[in-house]
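Below is one structure, written out as structure tokens; comments come after it.
The values are calculated or read from the model by the stated rules, or taken from the named source; none is laboratory data. This structure is a prediction, so every number in the text was calculated from the model and none was measured. Here the Cβ positions follow ideal geometry from the backbone for every residue, glycine too, while neighbour counts run over all protein chains shown. Ligands, DNA and RNA are excluded from the accessible area calculation, which covers all protein heavy atoms including side chains. Shrake-Rupley method; radii C 1.70, N 1.55, O 1.52, S 1.80 Å.
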Amino acid sequence: MKRRAFLTAGAATVGAALLPKPFAVAAAGESKKGVMLINRIGPSSSNLYISGVDGSNERLLLGSTGFDYHASLAANGQSVLFTSERAGDGNSCLYRAKIDGTGVQPLVTGPAMDDSGVLSPDGTRLAFVSTRGDHRAHIWVLDLRTGKLKNLTSGSAVAGDPEGPDCHFRPSWSPDGRWIAFSSDRNTQWRGHNEGRGWEHTQELSIYVIRPDGTGFRQVASKEGYCLGSPKWSPDGRRIVFYEITTEGTWGAHRPEYIGKVESQIVSVDVTTGERVEHTSGPNLKVSPQFVTATEIGYLVKGGPDEGLAYTSGTLPAVKRALRSPVWSPDGTSVIYQKFGYAVRPLDKPLYSWDPDWEYRFCDVFPVLSRQGRLAITEKQLGTSSIVTMRPDGSDRRVVFDTAGKGLDPVLLAKGMAGAFRPAWSPDGAWIAFGLGGWFQERATHTAVVARVRSDGSAWEALTDGTTNAGFPSYSADGNEIVYRVWGEENKGLRILNLTTGVTRVLTGEYDNLPDWSPDGRLILFTRKTSATNFDVCTIRPDGSNFRRLTSSGSNEGHAVWNHDGRILYNSGMYGFRQEAALYDNTFQPYGQIFSMNADGSEKRMLTDSQWEDSMPLYLSQSVLSQ
């Protein structure tokens, strides 16, 4: 390959450019080993509101807010249950308050993800979703008088294929308290979006009922190729209402580019006979149904020009308003819902830590630490996706590569679909390599180059010719070579560029991505598409020998990087979805958690347990933070 022309940039305009909002990693507590930076794809705030059923008199429900969502009402209408992360960003726990918003008290807390709490009609038992135990989402019942807990869905009568998603969501009590309805993806397969060709998984759900003692389990509604979610009982206990969307549609339901294009319907079935009624038809994504009266069903139109509350019979006025997860009061006069916020999450914001030895903090994407102790990130969440470096304490921060004026589509930049992605330090700290172009879905139609910039921002050069989508580089231990990936039907896999000779060699020819060269130079870590619907973490030697596949859960693993201690950090959905996929917003894979494992794939350990997609971890020890 020909050497690219060396491009000079003005140090005064590039090297000295400052980060718009300062990022400094605060020192960890004295008893901690340090800080783990992670990126989280999810809302940055959430508050509960209450209004009249016609949308009038809207006001905050709670006097004190703390990332609150997924409310439910007691049968007597006097108290409200809700999920809150007030104990720590990412840690979902269950709380109860009076209907006037006072008297907030915890009901279920701890490191597990606890969500979707609902009281039995007599108020003595709480059904909820929890990942406690085996890390999968199960339906639990808590006796509020005795404190006794029971997992309803872990027994042999309910357990599905452990190789599949096998999780359970959205419990709902029958009016007589004898049954709990819920949705589940048990005995379904992992399926990629885009008809099996995409990375992110779709979800197929059916509706089931079970007694609160764990007996009587049976399926009441299912439809091949569809997702049936969020069941609720009719006031007489004869019917269960739910939303119904194609399995493929569950991907579009949480992607902003599909707003207004995905549709679903509100359906109910007779619990005894299975007789089915479709209550809606036509366009709009309709979710969160509930019998408001014996004859009227309310639901949420999610996204699009008609977004807000709607009703199947039209006896109540539609309310056009951006909201989520509505729940109507037992007397049908008011409604409680949440409003998510997506303002930029402050960098270095403390997150809930599932590891007592380390503090967790929020970071922008692709954080990487040089051997000299300098931090680099891609500044994606501010809409520029430029490369920024700084000392971990935030001093001497600068934009070393500004994407402005580099020929990138400004719309894609603002959406985080284009930019300078995945910075990689040279061992001597003199250079930062990165990919420059279009990413994610845009890789199919946009090219990208591997480039590098001097670490002072004074000059940069393209290292590949721009005829394909090349990116995600990583330096060899001696700094003489860079491994990167190319993506396309005819040209795919990992390539190694010798920076001295300019010669590129083919390392792999599969659909491989995100390579990361080990600090000792002996192995290259990467993600491989191992089937039509699955990606796994693998390693290979730089000479192409000793290929090893380290994961095989079927749920997708990736974003793998080497940790400072020689272990591997990666992202996985091996314990399944944590919520109905169609209810998320603005996410790629809503179930991803951070894991670690040894270099040979042994001793896998889950490091996060949130409802959101967590990835891109970087550990900063106390010694690094004190430099």
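Of all residues in the stretch 79-133, which are among the charged types (D, E, K, R), assigned to a loop (DSSP other than H, G, I, E, B) and either in contact with a strand residue (DSSP E or B) (Cβ under 9 Å, 6 or more places away or on another chain) or without any contact (Cβ under 8 Å) to a residue 40 or more places away in the chain (or both)?
Just the residues of the stretch 79-133 that are among the charged types (D, E, K, R), to begin with: 85-86, 89, 96, 98, 100, 114-115, 122, 125, 132.
The next check asks that each one be assigned to a loop (DSSP other than H, G, I, E, B); those that pass are 85-86, 89, 100, 122, 132.
If the condition is that a residue be among the charged types (D, E, K, R), assigned to a loop (DSSP other than H, G, I, E, B) and either in contact with a strand residue (DSSP E or B) (Cβ under 9 Å, 6 or more places away or on another chain) or without any contact (Cβ under 8 Å) to a residue 40 or more places away in the chain (or both), then Glu85, Arg86, Asp89, Asp100, Arg132 are the ones that fit.
What pairs come out if I take residues in the stretch 394-415 that are more than 21 Å from Ala433 (Cα to Cα) and pair them with residues that are of a type outside the set (Val, Ile, Thr) and assigned to a loop (DSSP other than H, G, I, E, B) whose C-beta lies under 7 Å away, six or more apart or interchain?
Once the first residue is more than 21 Å from Ala433 (Cα to Cα) and sits in the stretch 394-415, its partners that are of a type outside the set (Val, Ile, Thr) and assigned to a loop (DSSP other than H, G, I, E, B) give Gly394/Pro22; Gly394/Phe23; Gly394/Ala24; Ala414/Gly383.
How many residues, within the stretch 495-524, are open to solvent by 50 Å² or more (accessible area, probe 1.4 Å) and among the charged types (D, E, K, R)?
4
Please find, among Leu205, Leu142, the residue that is modelled with pLDDT of 95 or more, in contact with a helix residue (DSSP H, G or I) (Cβ under 9 Å, 6 or more places away or on another chain), closer than 20 Å to His70 by Cα and hydrophobic (A, V, I, L, M, F, W, C).
Details: Leu142 fails: in contact with a helix residue (DSSP H, G or I) (Cβ under 9 Å, 6 or more places away or on another chain).
Result: Leu205 is the single residue among Leu205, Leu142 that is modelled with pLDDT of 95 or more, in contact with a helix residue (DSSP H, G or I) (Cβ under 9 Å, 6 or more places away or on another chain), closer than 20 Å to His70 by Cα and hydrophobic (A, V, I, L, M, F, W, C).
Which of the residues belonging to the stretch 425-462 are within 23 Å of Thr504 (Cβ to Cβ), open to solvent by 10 Å² or more (accessible area, probe 1.4 Å) and modelled with pLDDT of 95 or more?
In the first step, residues of the stretch 425-462 are kept if they are within 23 Å of Thr504 (Cβ to Cβ); the result is 425-428, 430-439, 443-444, 446-454, 459-462.
Right, trim to open to solvent by 10 Å² or more (accessible area, probe 1.4 Å) and you get 425, 427-428, 430-431, 436, 443-444, 446-447, 449, 452, 454, 460, 462.
Matches in the stretch 425-462: Trp425, Pro427, Asp428, Ala430, Trp431, Leu436, Val449, Arg452, Arg454, Trp460, Ala462.
Among the β-branched types (Val, Ile, Thr), in contact with a strand residue (DSSP E or B) (Cβ under 9 Å, 6 or more places away or on another chain) and open to solvent by 20 Å² or more (accessible area, probe 1.4 Å): which single residue out of Thr215, Thr246 fits that description? Show your work before the answer.
Values: Thr215 fails: in contact with a strand residue (DSSP E or B) (Cβ under 9 Å, 6 or more places away or on another chain).
Criteria check complete, one pass: Thr246.
For Leu300, all conditions in the list (1) farther than 20 Å from Gly52 by Cβ; (2) crowded, with 20+ Cβ neighbours inside 10 Å; (3) within 24 Å of the chain's Cα centre (by Cα) hold save one; what is the number of the exception?
(1)
Given the residues Ala376, Ala343, which is the only one that is within 19 Å of the chain's Cα centre (by Cα) and farther than 30 Å from Ala74 by Cα? I'd like the intermediate steps shown before the answer.
On the way: Ala376 fails: within 19 Å of the chain's Cα centre (by Cα).
Unique residue meeting the criteria: Ala343.
Please count how many residues of the stretch 158-178 are at pLDDT 95 or above, open to solvent by 20 Å² or more (accessible area, probe 1.4 Å) and more than 20 Å from Glu580 (Cβ to Cβ).
3
Step by step: first the residues of the stretch 61-86, then only those that are of a type in the set (Gly, Ala, Ser) and in contact with a Pro (Cβ under 8 Å, 6 or more places away or on another chain), then the one that is most open to solvent (accessible area, probe 1.4 Å). Which residue is that?
First, the residues of the stretch 61-86 that are of a type in the set (Gly, Ala, Ser): 63-64, 66, 71-72, 74-75, 77, 79, 84.
If we keep only those that are in contact with a Pro (Cβ under 8 Å, 6 or more places away or on another chain) as well, we get 75, 77.
Values: Ala75: 61, Gly77: 18 Å².
That would be Ala75.
Please find, within the stretch 43-60, the residue that is most open to solvent (accessible area, probe 1.4 Å) out of those that are under 27 Å from the mean Cα position of the chain (by Cα) and of a type outside the set (S, T, N, Q). Quick ask: steps written out before the conclusion?
At the first step, the residues of the stretch 43-60 found to be under 27 Å from the mean Cα position of the chain (by Cα) are 43-49, 60.
Pick out the ones that are also of a type outside the set (S, T, N, Q) and you get 43, 48-49, 60.
On the way: Pro43: 3, Leu48: 5, Tyr49: 48, Leu60: 87 Å².
My answer is Leu60.
Can you tell me which residue in the stretch 303-357 is farthest from Asp68 (Cα to Cα), limited to those that are open to solvent by less than 40 Å² (accessible area, probe 1.4 Å), at pLDDT 95 or above and acidic (Asp, Glu)?
Per the stated criteria, the residue is Asp355.
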